[in-house]
Amino acid sequence: MATAQREKALDLLGSHSMLRARDFAAHGISPETLSRLVRDGVVVRPARGLYQLADGPSDARHALAEAATLVPKGVICLISALQFHGLTLQMPSTVWMAIERTAWRPRIDHPPIRFVRFTPVALSEGVERHRIEGIEVPITDPSRTIVDCFRYRAKIGIDVALEGLREGLRQRKATSDQLWRHATKARIWSTMKPYVEATVADGA
């Protein structure tokens, strides 16, 4: 029985990259089996209640998948979303994630996550769902990400927002119309407009 559970747990991690304790329980795998796998060094527990193979990936994309698993209602945003879309050279040391304005703030040690709060509508508009290591990860789309960076420029710096704007337009991952639409809803178009116009004029 224990051997069968062990093999099933490893098969699940092989196809899903990482899983929570309750995911294993749903497949009939006991906490004791998970503990033995951790003691044997085959499986690691990067965060409380989260398990992955010891030789699993540990890059920036993996951190996004890990954060999405731990906070399933959160949305990857700001610098983390810029980095994912290839719109910045910044390599954030924390995962930037948006949660609902009145939601309880999760306590997570790893990966380090910095939370910002969005309205319920803002958590769904301009959000794409990407598969990373078999996990569905909600991430703001390029134009929405750029607008959010201007909204939160006091937190991340105007230089980061401008870099995202230049790269978004240059790589054609965002258009002026898309930026206008999101910025108008966020009531920040008056702030962004001169930067967008100047960037377009420079031939970004």
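Rounded to the nearest 10 degrees, the inclination of helix 176-185 to the longest alpha-carbon principal axis of the chain is 80 degrees. The length gained on full extension between ASP159 and LYS193, counted as 0.36 nm times the residue separation minus their Cα-Cα distance, comes to 10.7 nm.
Taking all pairs of distinct Cα atoms, average 1/r, flip it, and tell me the Kirkwood hydrodynamic radius of the chain in Å to one decimal place.
The Cα-based Kirkwood calculation yields 18.3 Å.
Mean-square fluctuations from a GNM of the chain, with a 10 angstrom spring cutoff on Cα atoms, peak among PRO138, PRO112, PRO31 at PRO31. Across LEU162, LEU37, LEU64, mean-square fluctuation computed from a Gaussian network of the chain (C-alpha pairs under 10 Å connected) peaks at LEU37. The mean sequence separation of alpha-carbon pairs under 8 Å and at least six residues apart, normalised by the residue count of the chain, gives a relative contact order of 16 percent.
Indicate the gyration tensor shape class of the range 77-126 (rounded, prolate or oblate), computed on the Cα atoms with a ≥ b ≥ c the square roots of the eigenvalues: a/c under 1.5 is rounded; otherwise a/b larger than b/c is prolate and the rest oblate.
Details: a/c = 3.48, a/b = 1.25, b/c = 2.78.
Note, shape of the range 77-126 comes out oblate.
Gain on full extension, evaluated as 0.36 nm per residue between ARG131 and ASP40 minus their Cα-Cα distance, stands at 29.8 nm.
Show that you can apply the helix-only estimate: for the chain, add -39,500 (n - 2.57) for every DSSP H stretch of four or more residues, divide by all residues, and state [θ] at 222 nm to the nearest 500.
-14000 deg cm²/dmol
Comparing HIS85, HIS62, HIS130 in a Gaussian network model of the chain (Cα springs below 10 Å), the most mobile by mean-square fluctuation is HIS130.
Rounded, prolate or oblate for the range 2-53? Axes are the square roots of the Cα gyration tensor eigenvalues, ordered a ≥ b ≥ c, and the cut-off for rounded is a/c under 1.5. It comes out rounded by the Cα gyration axes.
Pairs of lysines in the chain whose Cα atoms sit within less than 25 Å of one another amount to 8, provided the residues are eight or more positions apart or on different chains. Could you work out how much longer the chain between ARG170 and ASP109 gets when fully extended? Use 0.36 nm per residue separation minus the Cα distance between them, nm to one decimal. In short, 18.3 nm is gained.
Throughout, read-outs are computed from the coordinates displayed, never taken from laboratory work. Bear in mind that the values here come from a model prediction, so they are computed numbers and not experimental data.
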